[in-house]
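The values are calculated or read from the model by the stated rules, or taken from the named source; none is laboratory data. Just so you know, these numbers come straight off a predicted model, no measurement behind them. With ideal geometry, Cβ positions are generated from the backbone for all residues, glycine too; neighbour counts draw on all protein chains shown.
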Amino acid sequence: MIIFGALGDLSRRKLLPAIYELMHQHLVDEQFQVLGVGRDPGQTDDTFREQMRQALSASDEVGRFDEALWQDLCTRLHFVSADLTDAGDYAAIGERLTQIEAKCPPEQRNRLFYLAVPPSVFEPIVTNLSKSGLAPRTRTADGRPWARIVVEKPFGRSLESAQHLNALLLSMFAEHQTYRIDHYLGKETVQNVLVLRFANSIFEPIWNRQWIHHVQITAAETVGVEERGKYYEEAGVVRDMFQNHLLQLLSLTAMEPPAQMSANAVRDEKVKVLRSVRWLTPDAIPDNAVRAQYTAGAMDGKQVPGYRQEKDVAADSNVPTFAAVRLFVDNWRWNGVPFYLRSGKRLARRESEIAVQFRSPPHLMFGHLTREAMRPNTLVMRVQPNEGVALNFEVKVPGAAVALTSNIEIAPVDMEFDYANAFGEVSAPAYETLLLDVMIGEATLFTRSDEVEAAWRVIDPLIQHWEANPPKRMPGYAAGTWGPREADELIEEDGVEWREP
Ligand code: BG6
């Protein structure tokens with residue numbers, strides 16, 4: 001595995017812990033080695049190893065730090081310094097690779113290139129990598145040795161730039177070599193959406209417009225922009241969360257059953273859903289989408305600054321940190337069913353979930369008091385934290401006290417499935433799952449080129465419209481709340497409310 005950008009944040013916080021945990025579970029090959037590539041000419045194998053040791057011991061994604069396991073990993077870590085934008089520096093990478101691979105039989109010299117590099121240098125790096133011959137294009141997915149390229153988000157910053165990047169990548173590598181990461185797809189509960197829907201027979205018959213009133217997809221974060229002000233000013237919540245994570249959740253929820261659990265069958269269905277999402281035309285945007293920015297507030301009893309006061313953020317920034325959008329999937333199954341999507345930083349709780357709300361019973365016979373109190377059934381797939389599934393329904397409250405008024409007292413209860421309770425272990429961090437998938441050549445949980453473009457097609461009009469029309473006054477929400485009033489109004493127009501998970 002060759003990590004481009006090996007000294008960066010992603011490598012330290014996600015990739016090394018994932019490798020360590022995979023080794024812990026004996027899931028990597030005896031011959032597995034890591035070559036870190038970074039710019040700093042002062043780094044050596046030893047300094048790199050020391051930095052990775054520190055990163056691992058500080059990581060909360062690593063269970064207990066095991067010295068023996070670390071020693072094993074440590075000897076497999078190597079470093080070479082290179083300016084990846086300079087084609088001339090690739091010879092040195094090649095030399096190190098040749099040394100490292102010397103003990104391997106030729107057909108086992110597989111190479112996994114992980115591009116943990118900023119978008120601004122993505123193009124020259126992909127081009128140099130291809131020209132250097134270190135990652136040859138391969139005709140079939142099962143040829144040996146293989147070379148695979150993992151590409152991090154953001155994948156472009158508009159439909160046009162994503163198309164451009166795809167064209168560039170695919171002019172040099174085959175689609176089957178290219179793994180576009182969306183780490184949400186590595187989350188246990190996100191994969192469970194497919195299992196819940198398609199390994200059970202009770203949900204699918206009612207999974208349509210006749211029974212489902214609407215769907216709410218929430219990705220709420222408590223963190224602010226932290227050290228990433230510069231990136232976030234360029235991105236904003238729609239590029240950062242909607243284009244990828246939220247639309248992935250939508251497509252898994254709304255897709256038709258694939259014929260088989262294969263990468264292409266699943267991705268074909270997801271692409272079809274994305275292509276069915278009604279376009280957000282400029283006329284439709286003001287009525288269907290809300291943006292806002294967090295202002296100062298209290299989180300866990302501590303005062304935190306507003307977005308415009310964050311480091312590397314402009315004092316008059318109009319970049320949204322929260323958005324709520326009403327989308328429609330214009331196909332046979334979903335006609336007329338709203339999908340409400342929302343995501344924001346500095347919200348009241350860290351909670352990502354998909355909540356499917358069913359229609360109310362057509363006739364209520366339990367008296368007028370219950371009519372107001374009754375809540376429609378909801379199936380909630382909790383993505384994080386407390387991964388699980390809850391089905392909410394109404395029951396009769398025990399007792400006969402209200403019989404005289406001909407009202408039966410009714411209360412909502414939850415039927416609960418909780419991953420940790422049921423299986424006694426917390427699910428694997430997303431990067432662990434995804435990295436293993438790349439190693440074994442399993443591409444189902446990665447975004448195909450047409451899929452990434454279909455997602456941009458949904459979301460780009462919104463970004464373009466908002467950027468071209470800055471608000472006269474950016475709606476605000478105090479840190480630690482559930483978002484702006486405008487988001488409540490958006491959904492209340494349809495007679496529903498946001499869930500407060
Ligand atoms: C990333 C975004 O893709 O996802 C971050 O760039 C965001 O801004 C993160 O915080 C959320 O991921 P998770 O796994 O913490 O929900």
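May I ask you to list the residues in the range 436-468 that are over 16 Å from the mean Cα position of the chain (by Cα), over 18 Å from Ala292 (Cα atoms) and β-branched (Val, Ile, Thr)? Scanning the range 436-468 gives Val438, Ile440, Val458. Cβ-Cβ contacts under 6 Å between residues 6 or more apart (or on different chains), taken from a first residue in the range 311-340 that is within 20 Å of Ala355 (Cα to Cα) to a second residue that is of a type in the set (Lys, Arg) and part of a strand (DSSP E or B), are listed as Ala323/Arg291; Ala324/Arg342; Pro338/Arg326; Tyr340/Arg326.
Considering only residues that are among the polar types (S, T, N, Q) and either touching an Asp or Glu at 6+ places or on another chain (Cβ under 9 Å) or within 24 Å of Glu234 (Cβ to Cβ) (or both), which ones fall in the range 290-346? If the condition is that a residue be among the polar types (S, T, N, Q) and either touching an Asp or Glu at 6+ places or on another chain (Cβ under 9 Å) or within 24 Å of Glu234 (Cβ to Cβ) (or both), then Gln293, Thr295, Gln309, Ser317, Asn318, Thr321, Asn331, Ser343 are the ones that fit. Annotation note: of Leu404, Leu379, the sole residue that is closer than 23 Å to Ile206 by Cβ and either at pLDDT below 80 or not in a loop (DSSP other than H, G, I, E, B) (or both) is Leu379. Taking the range 171-185 as the range and being acidic (Asp, Glu) and within 16 Å of the ligand (Cβ to nearest atom) as the test, only Asp182 passes.
Checking each residue in the range 109-136 for being aliphatic (A, V, I, L, M), at pLDDT below 95 and part of a helix (DSSP H, G or I) picks out only Val121. Of all residues in the range 169-213, those being within 30 Å of Ala292 (Cα to Cα) and either among the hydroxyl-bearing types (Ser, Thr, Tyr) or more than 22 Å from the chain's Cα centre (by Cα) (or both) number 4.
Pull out all pairs, ordered by first then second residue, where Cβ-Cβ is under 9 Å, the residues are six or more apart or on different chains, the first lies in the range 263-285 and is over 16 Å from Arg457 (Cα atoms) and without any contact (Cβ under 8 Å) to a residue 24 or more places away in the chain, and the second is β-branched (Val, Ile, Thr) and in a helix (DSSP H, G or I). Qualifying pairs under 9 Å: none. Among the residues of the range 316-359, those that are hydrophobic (A, V, I, L, M, F, W, C), more than 16 Å from the ligand (Cβ to nearest atom) and assigned to a strand (DSSP E or B) comprise Ala324, Val325, Leu327, Phe328, Val329, Phe339, Ala355, Val356, Phe358. Every condition in (1) touching a Phe, Trp or Tyr at 6+ places or on another chain (Cβ under 8 Å); (2) within 11 Å of the ligand (Cβ to nearest atom) is met by Val215 except one, and the failing one is (2). Only residues that are aliphatic (A, V, I, L, M) and either within 14 Å of Met241 (Cα to Cα) or more than 16 Å from the ligand (Cβ to nearest atom) (or both) were counted in the range 145-161, giving 3. Comparison of Thr98, Thr85 shows that the only residue that is assigned to a loop (DSSP other than H, G, I, E, B), surrounded by fewer than 16 Cβ atoms within 10 Å (Cβ to Cβ) and β-branched (Val, Ile, Thr) is Thr85. Meeting the requirement of 2 or more residues that are within 20 Å of Ala162 (Cα to Cα), the helices (runs of 4 or more DSSP H) wholly within the range 221-294 are 229-237, 247-254, 263-276. Among the residues examined, Val190 does not qualify as in a helix (DSSP H, G or I), modelled with pLDDT of 95 or more and within 16 Å of the ligand (Cβ to nearest atom).
Restricting attention to the range 146-162, the residues that are farther than 16 Å from Gln464 by Cβ and acidic (Asp, Glu) total 1.
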